[in-house]
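The values are calculated or read from the model by the stated rules, or taken from the named source; none is laboratory data. Only a predicted model underlies this, so the values are computations on that prediction, with no experimental measurement involved. Ideal geometry is used to build each Cβ from the backbone, glycine not excepted, and the neighbour counts take in all protein chains shown.
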Amino acid sequence: MAGCIHTIREFRVRPQLELVMFLGEDLLAWMVIALGGAMFAGNLAALVRPPKQRRDANDLTKAPVVRSVVMATIGAIAAIWALVSLL
């Protein structure tokens with residue numbers, strides 16, 4: 001705790017020091033790009049290449065098409081939106 005107080009005091013005394021945010025200022029945008037891209041790629045992969053074998057009787061033979069297309073579209077929109085917000 002004493003180290004934190006000392007750092008705050010230094011910042012007040014020497015205002016030329018700059019506080020840097022962990023992993024940058026655009027962390028949320030980068031996370032949305034990653035999650036949106038994964039959502040897009042995962043749902044597209046489920047449509048293009050379904051699993052060859054079912055693990056149990058409750059598994060579907062192929063992914064639900066409408067749900068997968070909607071979720072892939074949402075993921076693509078989120079990733080594109082975040083990418084544009086970084087520009």
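What the table shows:
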item: Answer from 82, 76 - the residue that is at pLDDT 95 or above, of a type outside the set (Asp, Glu) and in contact with a helix residue (DSSP H, G or I) (Cβ under 8 Å, 6 or more places away or on another chain); result: 76
item: Residue 26 being closer than 24 Å to residue 82 by Cβ and not aliphatic (A, V, I, L, M); result: yes
item: Pairs where the first residue, in the stretch 21-33, is free of Cβ contacts under 8 Å to residues at least 60 places away in the same chain and the second is part of a loop (DSSP other than H, G, I, E, B), C-beta under 6 Å, 6+ apart; result: none
item: Test: residue 19 is hydrophobic (A, V, I, L, M, F, W, C), surrounded by fewer than 13 Cβ atoms within 10 Å (Cβ to Cβ) and assigned to a loop (DSSP other than H, G, I, E, B); result: yes
item: Those residues of the stretch 42-59 which are aliphatic (A, V, I, L, M) and surrounded by 10 or more Cβ atoms within 10 Å (Cβ to Cβ), in sequence order; result: 44, 45, 46, 47
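Table: residues versus (1) in a helix (DSSP H, G or I); (2) of a type outside the set (Gly, Ala, Ser).
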| site | (1), (2) |
| --- | --- |
| 25 | no, yes |
| 44 | yes, yes |
| 55 | no, yes |
| 63 | no, no |
| 67 | yes, yes |
| 74 | yes, yes |
| 79 | yes, no |
| 85 | yes, no |
